[in-house]
1. Given (1) of a type in the set (Gly, Ala, Ser); (2) facing chain B (nearest Cβ under 8 Å); (3) within 21 Å of A:PHE87 (Cα to Cα), where does A:ALA168 come up short, assuming only one miss?
2. Please tell me if B:VAL171 is surrounded by fewer than 21 Cβ atoms within 10 Å (Cβ to Cβ) and in a helix (DSSP H, G or I).
3. For region B:108-122, what are the residues that are within 12 Å of another protein chain (Cβ to nearest Cβ) and outside any loop (DSSP other than H, G, I, E, B)?
4. Which numbered condition trips up B:GLY79, out of (1) among the small types (Gly, Ala, Ser); (2) outside any helix (DSSP H, G or I); (3) within 7 Å of chain A (Cβ to nearest Cβ)?
5. Which residues, counting only those in region B:174-200, are part of a helix (DSSP H, G or I) and modelled with pLDDT under 85?
6. Among (1) more than 28 Å from A:VAL124 (Cβ to Cβ); (2) at pLDDT below 85; (3) more than 7 Å from chain A (Cβ to nearest Cβ), where does B:ARG36 come up short?
7. Among the residues of region B:164-177, which ones are small (Gly, Ala, Ser) and at the interface with chain A (Cβ under 7 Å from one of its Cβ atoms)?
8. Give the residues of region B:74-90 that are surrounded by fewer than 24 Cβ atoms within 10 Å (Cβ to Cβ), closer than 20 Å to B:VAL131 by Cα and either touching a helix residue (DSSP H, G or I) at 6+ places or on another chain (Cβ under 7 Å) or modelled with pLDDT under 90 (or both), sorted by residue number.
Amino acid sequence: MSFGDFRRELFETALSLAPALAFMLFAQVAFLRLPWSEFGLVALGLGFTVVGFVLFIQGAKLGLLPLGQGIGTAFIERRALRPLLVFGLLLGVVLTVAEPDVRLLTFQIEAVFGDAVDRTALIVAAALGLGTFAVVALLRITYGWPIHWALIPGYLLAIGLALLLDEATVTQAFDLGAVTTGPMTVPFLIALGVGIASVLGNQSRMRAGFGLMAIGSIGPVLLVLLWGLVRGAP
Amino acid sequence: MSDLVALLWTATVEVIEATVPVLLLIAVFQFIVLRRPVQQPRTVAIGIGMAMLGFVLFVAGAKLSLIPMGLAIGEALAGVPVVAMVAVAFVLGAAVALAEPAVRILAFEIDEVSSGSLRKRLIAVVIALGVGVAVVLAVLRIVHDLPLVAILVPGYLLAIGLTLATPRDMVPAAYDAGAVATGPVAVNFVLPLTTGMALALGGDRAEALGFGVVGIIALGPIITMLALSLALRRRESDG
């Protein structure tokens, strides 16, 4: 990676955040009218966010992705399906724990609900969900199963459980399921999925390469809902 | 100033807690299970250092800026007429979808893999449309105090129906579109905004009402992408 890459990424991130930034500035001028010293702190935070995001993405590309891809290829070359599945399970778990979006969502849940929620338990349930469904997704790619075999029963079960459970648990489950596929997890899972699909090479790339994230995001929904069912009404 | 230091320190501790398990897992498989040396260990080490520093700044920055601004704007929006709320929600949702880095990546990949028959701009617009409608539904849910299942159950049943009707090739990409639309901007700006709005409007279930928006955002693009693929197929068979 060169400095040029870094600058381009910084520019693109700033550009992609531009609508949100413009919206904030408009709100500040039109109706919010925070003291400008306070707004200065917000601006500093925005600077942190943009620079931090770029450093994170570039660092992940440079450090984490080559590691992940190398390991994925090595499993397939050695035809080690079972170790690959174990790796997929554990990777799903640790990626959820590491996902910045999961941290920030559970931080907000805790800020609003206070002691009524157990942040650690939520993260653990979501992590186990992503781990087990990463295994399902890897099996799907390896054997070429159609994706709706996993998606349709998964979502039917999820909405069935949602009808039984309290509002707080349902919102937490679907929000968490959606955010486990964040900036940390997405590149890792895509790299793994596309790598495996390219080695197997016997199916439509449109079908095999995509869908890992889709299956991965049902897992946390189901596990958080099941955990709510086991825990009982609050 | 000392607040800022404390914020950065908390973020640092959190990031170390989060990344150490990933690194340990990779190390175990790399050196003990697969017994492979790391290629270009220096570059990899620098990359990991950069990613961790970036993570710290990102978490601290979001807590300092995006989250409080979202809350404040949401509170202010609670006072405007519903029509204005809906208009702002749609524009904001669409803008947020276009802002998500992962949406750009997915649109680019679909363009590539479909050999250009699905243009990336079309994909991005269809995803943005889905997210815009989703945020509107989330706002209406807050205003009318509806349970989340009132949106999710019909929504997912519609998605399942479309899945069965649509060409198989498009299904994985459509569901991935839902997964990528819920990135850092949705979580750290739209969610605080709806939470602020729900808390300002009050009511018995105000805490829970603001949440759920991320789950609704994940559903929107799935439906619009599946609808797109159905529409394209119909046009093909007509022509």
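1. (3)
2. When the stated conditions are applied, B:VAL171 does not pass them.
3. Within region B:108-122, B:PHE108, B:GLU109, B:ILE110, B:ASP111, B:GLU112, B:VAL113 meet the criteria.
4. Answer for B:GLY79: the failing condition is (3).
5. Within region B:174-200, B:PRO184, B:VAL185 meet the criteria.
6. Among (1) more than 28 Å from A:VAL124 (Cβ to Cβ); (2) at pLDDT below 85; (3) more than 7 Å from chain A (Cβ to nearest Cβ), the lone unmet condition for B:ARG36 is (3).
7. Of everything in region B:164-177, just one residue is small (Gly, Ala, Ser) and at the interface with chain A (Cβ under 7 Å from one of its Cβ atoms), namely B:ALA173.
8. Within region B:74-90, B:LEU77, B:VAL82, B:MET85, B:VAL86, B:VAL88, B:PHE90 meet the criteria.
The values are calculated or read from the model by the stated rules, or taken from the named source; none is laboratory data. Here the structure is a predicted model, which means the values were calculated and not measured. When we count neighbours, we look across all protein chains shown, and the Cβ atoms used for this are built from the backbone with ideal geometry, even at glycine.
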